Amino acid sequence: MDKQGEARGVSFDSATLLYGVFGDPVRHSKSPIMLGRAFAETGMNAAYVAFHVKPEALGDAIRGVRALGIRGVNVTIPHKVEVMKYLDDIDETARAIGAVNTVVNRDGRLIGYNTDGIGYVRSLKEETGAAVAGARILMLGAGGASRGVGYALAKESPAKLYIANRTASKAEELANDLTAVADAVGIGWDRIDHIIGEVDIIINTTPIGMHPNADDVPIDVSGIRRGAVVSDLIYNPLTTKLLREAEAAGAVVHGGLGMFVYQGAYAFEYWTGEPAPAAAMREAVLEAFGARIEGTKA
Ligand code: ATR
């Protein structure tokens with residue numbers, strides 16, 4: 001029997017702790033499989049389920065967390081911003097990012113965190129060995145995902161953080177928000193070619209290259225430094241065309257699956273106070289994604 005089967009074999013009792021994810025839609029979510037594996041692996045008497053919560057029901061759903069004593073929830077699209085107004089406290093970084101993806105029920109007080117950015121940075125460091133401190137970084141995009149990643153990177157003392165965006169004003173706005181923490185500069189897309197040869201880490205946070213447009217690439221990587229790290233937040237496909245081209249140009253490459261795994265690992269750690277079994281969580285997600293991702297590769 002596999003780990004998931006073992007988990008299902010455990011009979012829940014009156015001491016079982018409940019966790020879950022709120023989203024709309026939520027049926028595609030791999031969080032129950034990933035966190036279910038985490039609880040099974042660590043032998044905790046806990047269950048994690050998906051709740052399909054429509055926007056108009058979010059307030060009631062959060063009241064339900066309080067009433068039922070649900071220990072923690074992940075919050076996904078479209079609730080990450082809206083959920084903030086129902087919580088008792090918001091962690092400083094989540095407030096700065098302007099979005100919450102993890103709610104912790106601490107003795108009846110609901111506290112909001114954002115684990116997307118720190119999950120990304122942990123994955124980048126653990127999977128590539130890259131040093132973010134002192135690095136010159138180029139981030140492509142200035143949307144919602146970029147805000148979380150940008151804040152987490154800024155806190156790691158990079159030497160320089162360039163943010164390039166098609167709409168340059170949005171890049172300047174995000175860079176402005178980060179200047180208190182790091183040397184951040186917002187630039188237009190046309191400036192990328194001028195700086196690409198001097199950066200150590202390039203991160204794509206745009207959807208360019210995502211299934212079903214897997215033949216698209218955001219930038220020409222022929223000018224990168226050999227040994228630079230090229231990272232993509234996209235995990236479908238697992239290896240984007242950008243990463244294939246970057247690898248051929250001598251880069252160390254890093255895909256987006258780790259960000260999903262580690263945002264969940266941090267949520268697990270905030271809820272339980274125990275280290276997350278990240279390798280088993282990754283394996284569970286890969287098993288669940290496997291067929292679909294293989295099936296959609298170019
Ligand atoms: P998310 O929350 O996933 O980050 P988003 O907030 O809509 O999504 O942001 C998408 C990012 O990808 C933005 O930086 C967007 O650029 P604009 O601000 O100019 O819209 C960028 N993006 C999306 N499609 C793009 C394209 N075809 N070329 C360049 N940038 C693109």
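The values are calculated or read from the model by the stated rules, or taken from the named source; none is laboratory data. Just so you know, these numbers come straight off a predicted model, no measurement behind them. Reconstructed Cβ throughout: ideal geometry from the backbone, glycine too, with neighbour counts over all protein chains shown. Note: accessible area is taken over every heavy atom of the protein model, side chains too, but ligands, DNA and RNA are not part of it. Shrake-Rupley method; radii C 1.70, N 1.55, O 1.52, S 1.80 Å.
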Report task. Would you rank 125, 85 by solvent-accessible area, highest first, keeping every protein chain in place and using a 1.4 Å probe? Result -> 85, 125
Report task. In vacuum, with every alpha carbon of segment 149-298 counted as one equal point scatterer, what does the Debye formula give for log10 I(q)/I(0) at q = 0.10, 0.21 Å⁻¹? Two decimals, please. Result -> -0.41, -1.34
Requested in this report: Subtract the Cα-Cα distance of residue 67 and residue 213 from 0.36 nm times their separation in residues, and report this length gain in nm to one decimal.
Outcome: 48.2 nm
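Probe radius 1.4 Å, ligands and nucleic acids ignored: give me the carbon and sulfur share of the accessible area of the chain as a rounded percent.
Exposed carbon and sulfur together represent 50 percent of the surface.
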Query raised in the report: If packing is taken as the mean number of other Cβ atoms within 10 Å per residue, what is the order of 37-45, 224-232, 189-197, highest first?
Result: 224-232, 37-45, 189-197
Report summary line: In whole Hz, the Karplus estimates of ³J(HN,Hα) for segment 19-27 (6.51, -1.76, 1.60; θ = phi - 60°; x where Gly or Pro) are 10, x, 10, 9, x, 8, x, 9, 4
Query raised in the report: Are there any helices in the chain, counted as whole DSSP H runs, that stretch 20 Å or more along their axis by Cα and score at least 0.0 on average by Kyte-Doolittle, and if so which?
Result: 257-272, 278-296
Query raised in the report: What ranking, highest mean first, results for peptides 142-155, 258-271 when packing means the other Cβ atoms within 10 Å averaged over each residue?
Result: 258-271, 142-155
Requested in this report: Please list 243, 17 in order of solvent-accessible area, largest first, computed with a 1.4 Å probe with all protein chains present.
Outcome: 17, 243
Report task. May I ask you to derive the relative contact order of the chain, considering only C-alpha pairs under 8 Å and at least 6 residues apart, and to give it as an integer percent? Result -> 16
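Using only helices, what value at 222 nm comes out for the chain when you add -39,500 (n - 2.57) per DSSP H run of length 4 or more and divide by the total residues, to the nearest 500 deg cm²/dmol?
Result for the chain: -12000 deg cm²/dmol, rounded to the nearest 500.
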Report summary line: The answer for segment 117-255, accessible area per residue at 1.4 Å probe in Å², is 41
Report summary line: Rounded to the nearest 5, the percent of antiparallel DSSP beta bridges in the chain equals 20
Query raised in the report: How much length is gained on full extension from residue 14 to residue 157, taking 0.36 nm per residue of separation minus their Cα-Cα distance?
Result: 46.8 nm
Requested in this report: Please work out the FRET efficiency for the pair residue 173 and residue 56, using the Cβ-Cβ distance as r and a Förster radius of 51 Å; give the result to the nearest 0.05.
Outcome: 0.95
